[in-house]
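Here's the structure we're looking at; comments come further down.
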Amino acid sequence: MKSLISELSNKIKTRNAQIGIIGMGYVGIPLGLEFVKAGFSVIGFDKDKKRVDDINCGNQVMKHISSDLMIEFIRNGKATTDFTKMKTIDCLIICVPTPLDKHEQPDMTYVESAANEIAKNLSKGQLIILESTTYPGTTREIIKPILEKSKLKAGEDFFLAYSPEREDPGNKKFSVSKIPKVMGGYSDNCLQITGELYETIVSETVKVSSMETAESTKLMENIFRAVNIAMVNELKLVLDRMGVNIWEVIDAAKTKPFGFMPFYPGPGMGGHCIPIDPFYLSWKAKEFNTEARFIELAGEINRKMTENIAHRVGKALNDDKKSIHGSKILVVGLAYKKDIDDIRESPAIKIIDLLNYKGANIDYYDPFVNTFRDLRSIDLLAENIKKYDAVLITTDHTKTDYDLIGKYASLVIDTRNIMSHVKKPKARIIMA
Ligand SMILES: NC(=O)c1ccc[n+]([C@@H]2O[C@H](COP(=O)([O-])OP(=O)(O)OC[C@H]3O[C@@H](n4cnc5c(N)ncnc54)[C@H](O)[C@@H]3O)[C@@H](O)[C@H]2O)c1
């Protein structure tokens, strides 16, 4: 192992190590780009042929990653569906999805399939890192046995580690290189070489004592968000009844210079992380005959927010002597958060389904999402806005013209407090 580690270490130092990223999505692409920028040659492995072709043509595959960056990627990187090319890669990083299945349990099929492909092509001296968000024990209990089907042994013939991705897509302040990288290794050597690799792309590495600690760290971060968002969502409902504006309360509370961190209410949990990852831990907890009650409660409260918003829309229309059934509603913002095109688990979609079920006619506007099901994003023009009985703001994209909405809509239900920035709107504004 000593010679294997010095060999790989040398390759990393001289940038001769070949980097392979498995799963060229929201996480894999920015990560691959960082390695290209650091001077490595990178191969992205993906099962999706269209994604692979788009990357190799330098096409923009995500709205928040410009085509200039994609062109920068193919300067020294390329994508492929040919997994046999893994044989000659020195460091393979797994960034495939970890969703929940239809029973709300961890769906490890993507991780298992990626590990099986690696096992078929595993070579001595390779470093294998899992970055997908998952429950503590995954790397040891799932990845390691699959890789060892190759007859090579973790910690002896190949290096194994877990390092969670903490990417926040669309966040211009914190790109991959500026976010400290947490990592845990199967052995001391595994951890050391993983650190050497990531030190080439990030300004700070945080080495922890085990892969399970690293796996739990990522979950803790997301559980922290899920629970605090639930807390503030619940407070919103309580304060609303008392006629107190939660947004004003948060603004005042955050002036406290210590011991407080602002979280904001919204139409419900969205995205690939907060509505999913916490339940990886509550699922695993059951194996140890224990419960994670905060997680379950936060999920329950956050899920209820979508129903609450649909209810608020109905009440607001009722005040205008209209019913949801037959009314025309414009939903502004489909993405689960501002300034990105990701609609996975978006609360806007759940609210649309609820309103559709109650007989509403829905259109939407989202500058990042051109089409959705059989709908196309409308043009946000005065004559279009006027046509709707209500405008429901579900995502506060920066690019949206809220002044125009305030001027031409009759009723606006605002779940993001964005209309508070519009001076003297003509529309009736309901904070929801
Ligand atoms: N999106 C985020 O903001 C974010 C942030 C931190 C962590 N994560 C975690 O990172 C992981 C990846 O998330 P993502 O958002 O990048 O997913 P994604 O859906 O954007 O991309 C995943 C890619 O993997 C490919 N893929 C699936 N199975 C494959 C296989 N067996 N072999 C090769 N390619 C395969 C898919 O075709 C897709 O292109 C998840 O575990 C997620 O929880 C995501």
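Quick notes
- Answer from ILE5, ILE55, ILE94, ILE74 - the residue that is farther than 21 Å from ASP168 by Cβ, within 21 Å of the chain's Cα centre (by Cα) and either modelled with pLDDT under 95 or not acidic (Asp, Glu) (or both): ILE55
- The stretch 174-208 - residue that is of a type in the set (Gly, Ala, Ser) and either within 16 Å of ILE128 (Cβ to Cβ) or not assigned by TED's automatic domain parsing to the domain that holds LEU92 (or both) and, of those, nearest to the chain's Cα centre (by Cα): GLY184
- Subset of the stretch 318-348 that is buried (at least 21 other Cβ atoms within 10 Å of the Cβ) and assigned to a helix (DSSP H, G or I) - its residue that is nearest to the chain's Cα centre (by Cα): PRO347
- Exactly one residue out of LYS78, LYS85, LYS47 is part of a loop (DSSP other than H, G, I, E, B) and in contact with a Gly (Cβ under 9 Å, 6 or more places away or on another chain): that is LYS47.
- Extreme residue, nearest to the chain's Cα centre (by Cα), among residues of the stretch 114-134 that are away from the ligand (no atom under 13 Å from the Cβ) and assigned to a strand (DSSP E or B): ILE128
- Selection status of ALA230, within 16 Å of the ligand (Cβ to nearest atom), part of a helix (DSSP H, G or I), at negative phi and not β-branched (Val, Ile, Thr): no
- First in the stretch 253-265 and hydrophobic (A, V, I, L, M, F, W, C), second anywhere and not in a loop (DSSP other than H, G, I, E, B), Cβ under 7 Å, 6 or more apart: PHE260/ALA253; PHE263/ASN228; PHE263/ILE229; PHE263/VAL232
- The one condition in (1) among the β-branched types (Val, Ile, Thr); (2) within 16 Å of the ligand (Cβ to nearest atom); (3) outside any loop (DSSP other than H, G, I, E, B) that THR306 fails to fulfil: (2)
- Exactly one residue out of THR290, THR217, THR213, THR255 is within 16 Å of the ligand (Cβ to nearest atom) and β-branched (Val, Ile, Thr): that is THR217.
- Residues in the stretch 353-366 that are in a loop (DSSP other than H, G, I, E, B) and buried (at least 18 other Cβ atoms within 10 Å of the Cβ): ALA360, ASP366.
- Scanning the stretch 21-46 for residues being among the β-branched types (Val, Ile, Thr), crowded, with 22+ Cβ neighbours inside 10 Å and farther than 16 Å from LEU127 by Cα gives a total of 2.
- Spans of strands (runs of 3 or more DSSP E) in the stretch 377-432 with at least 1 residues among the acidic types (Asp, Glu) and free of Cβ contacts under 8 Å to residues at least 60 places away in the same chain: 411-414
- The residues in the stretch 248-295 that are surrounded by 15 or more Cβ atoms within 10 Å (Cβ to Cβ), hydrophobic (A, V, I, L, M, F, W, C) and outside any loop (DSSP other than H, G, I, E, B) can be counted, and the count is 7.
Conditions tested, residue by residue: (1) within 18 Å of ASN318 (Cβ to Cβ); (2) in contact with a helix residue (DSSP H, G or I) (Cβ under 9 Å, 6 or more places away or on another chain).
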| site | (1), (2) |
| --- | --- |
| LEU355 | yes, yes |
| GLY359 | yes, no |
| TYR365 | no, yes |
| LYS386 | no, yes |
| ALA432 | yes, yes |
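Okay, residues lined up against (1) at positive phi; (2) outside any loop (DSSP other than H, G, I, E, B); (3) in contact (Cβ under 8 Å) with a residue 40 or more places away in the chain:
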residue: ILE5; (1), (2), (3): no, yes, yes
residue: ILE21; (1), (2), (3): no, yes, yes
residue: MET24; (1), (2), (3): no, no, yes
residue: LEU33; (1), (2), (3): no, yes, yes
residue: ARG51; (1), (2), (3): no, yes, no
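- No other residue among GLY137, GLY185, GLY155, GLY77 is more than 10 Å from the ligand (Cβ to nearest atom), over 29 Å from ASN56 (Cβ atoms) and crowded, with 22+ Cβ neighbours inside 10 Å apart from GLY185.
The values are calculated or read from the model by the stated rules, or taken from the named source; none is laboratory data. Treat the numbers as computed from the prediction; the structure is a model and nothing was measured. Using ideal geometry, Cβ is built from the backbone for each residue, glycine included, and neighbour counts are taken over all protein chains shown.
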